[in-house]
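Notes for the one structure printed next.
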Amino acid sequence: MQGSRRQVISWAVPLLVPGFGVTTQTPTSDLQTRIARLIESYSSQGDHLTGSEVDHASARWLADEIEALGVRVTLPAFTFSRVVVDQAELQWNGQRIQGLPLFDGGTTGPAGVTGRIGGINTDAEIGVVIASPFPTHPGLAPLRQARQAARHRAIIVVTDLSLPPGGIAPINADEFHKPFGPPVLQVPNQHWPVLQQAMATGARLTMTIATHRAETTAVNVQAEIPGRDSARPPMIVMTPRSGWGPCAAERGGGLAAFMEILRRFRAEAPLRRVIFTANSGHELGHLGLKRFLSEHGALVNGAHVWMHLGANFAAAKGREVWLQFSSEDWRRRVLAFTQRENLVADRDVPVGTPPLGEAKDIAAGKGAYVSILGANGLFHHPADRWPEAVDVATTARWVSAFAGLAQEAANQP
């Protein structure tokens with residue numbers, strides 16, 4: 001995805017975003033200091049797209065962090081066909097807007113698609129919708145409906161107007177291996193007024209999305225802490241480590257909890273074996289987790305529990321924290337530790353509700369899981385960077401809760 005990574009960077013917001021001034025993070029504990037250092041390092045690396053140079057360098061960085069604790073690390077690789085963007089733009093009346101295609105949508109070829117622009121699910125040849133990548137955003141359902149029905153020859157997605165101008169908040173390619181529907185171009189929200197004018201005047205736009213695929217590799221970062229009783233089913237701790245952009249708040253909390261749990265088990269060996277996997281491929285249909293499951297499929301429902309350290313609970317802006325569980329017993333255990341930290345989730349997802357994030361792959365295999373993730377006011381946006389996007393103090397409390405839960409679960413008879 002190296003070619004597409006360069007394009008996304010060319011559209012990134014400036015380091016100082018209007019309305020998002022630099023904030024000061026002042027750690028007040030050793031845990032907060034570790035979290036701040038880790039997230040700052042991760043955010044500074046750049047755009048964490050799967051298989052990019054940054055993604056590979058970030059894997060090595062995380063491996064070094066783990067090895068510094070005295071834990072052996074492996075970097076199992078997987079191959080995939082990255083999307084290389086050759087052209088992705090709108091043109092009309094001498095105007096041009098560059099964008100980013102959906103990586104699981106169609107293409108136009110070099111000639112492009114020309115037609116009248118109009119609201120999504122109307123009779124316009126090119127539909128337009130405002131959306132953000134968070135799964136509950138109201139623009140996503142009509143977008144998916146229009147894609148499945150092929151109601152338009154092409155679709156434009158304008159990044160939600162609540163996000164800072166000057167950048168795209170890309171939508172994940174959940175069907176990366178099975179692209180479907182018409183070509184879809186994602187564009188920054190500062191272009192919304194001119195697109196509104198084009199709709200009002202009945203302008204005809206030409207969308208061009210030309211891409212090709214190139215074979216490449218990405219890696220997961222895996223480690224293991226031996227248990228005192230090797231006969232017991234292991235516990236799995238997993239977190240995604242790739243995404244669109246710096247991902248400071250999106251991925252930072254999960255990585256911080258991942259490392260804190262490792263640190264605690266390195267200091268005091270658990271009863272049962274604990275397997276850690278930090279996976280690339282999150283934004284491309286969970287490619288890295290699928291690679292892990294292809295080799296360890298028996299663990300889906302054979303592990304004692306999967307701990308999914310998901311997105312956004314480190315966010316300073318627009319944070320919502322959701323907790324997901326496979327059973328009432330695991331719900332009770334999670335809430336016992338969050339209550340100790342005086343934490344209340346914004347959404348305690350009812351048991352039996354299909355989970356979001358990587359937990360859904362475990363639920364599909366009927367495995368036991370606990371999961372933390374949530375919303376972020378800068379989700380997938382280039383402005384999700386250190387320090388503005390991160391609330392270190394609150395992150396530390398969530399990390400402490402889940403590290404305590406991990407210790408209890410790994411020592412459960």
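Each reported figure results from applying straightforward, stated rules to the coordinates on display, with no laboratory input. Everything numeric in this text was worked out from a predicted model, so none of it was measured. Because the Cβ atoms are built from the backbone with ideal geometry, glycine has one as well, and the counts that use them run over all protein chains shown.
Some points to look at:
- Restricting segment 47-98 to trypsin sites (Lys or Arg not before Pro) that sit in a DSSP loop and have at most 15 other Cβ atoms within 10 Å of their own Cβ leaves 72.
- Dipole magnitude of the chain, debye to nearest 20 (Cβ charges: Lys/Arg +1, Asp/Glu -1, about Cα centre): 360
- Cut-off 20 Å (backbone N to label point 7 Å along Cα→Cβ of residue 175), residues of segment 226-261: none
- Length released on extending from residue 341 to residue 93, taking residue separation times 0.36 nm less the Cα-Cα span: 83.5 nm
- Taking 0.36 nm per residue of separation and subtracting the current Cα-Cα distance, fully stretching the chain between residue 44 and residue 197 would add 51.3 nm.
- Packing-based ranking, highest mean first, of 116-129, 154-167 given that Cβ atoms within 10 Å are counted: 154-167, 116-129
- In the chain, helical runs assigned H by DSSP with n ≥ 4 each contribute -39500 (n - 2.57); averaged across all residues and rounded to the nearest 500, the mean residue ellipticity at 222 nm is -9500 deg cm²/dmol.
- Assuming charge only on the beta carbon of Lys and Arg (+1) and of Asp and Glu (-1), the dipole of segment 83-214 about its Cα centre is about 200 debye to the nearest 20.
- Taking a sphere under 13 Å around the Cβ of residue 32 and counting the other residues whose Cβ falls inside, with K and R at +1 and D and E at -1, yields a net charge of -1.
- Label-point separation, residue 111 to residue 290 (7 Å along Cα→Cβ), nm: 3.2
- The slack in the chain from residue 144 to residue 60, taken as 0.36 nm per residue of separation less the alpha-carbon distance, amounts to 26.6 nm.
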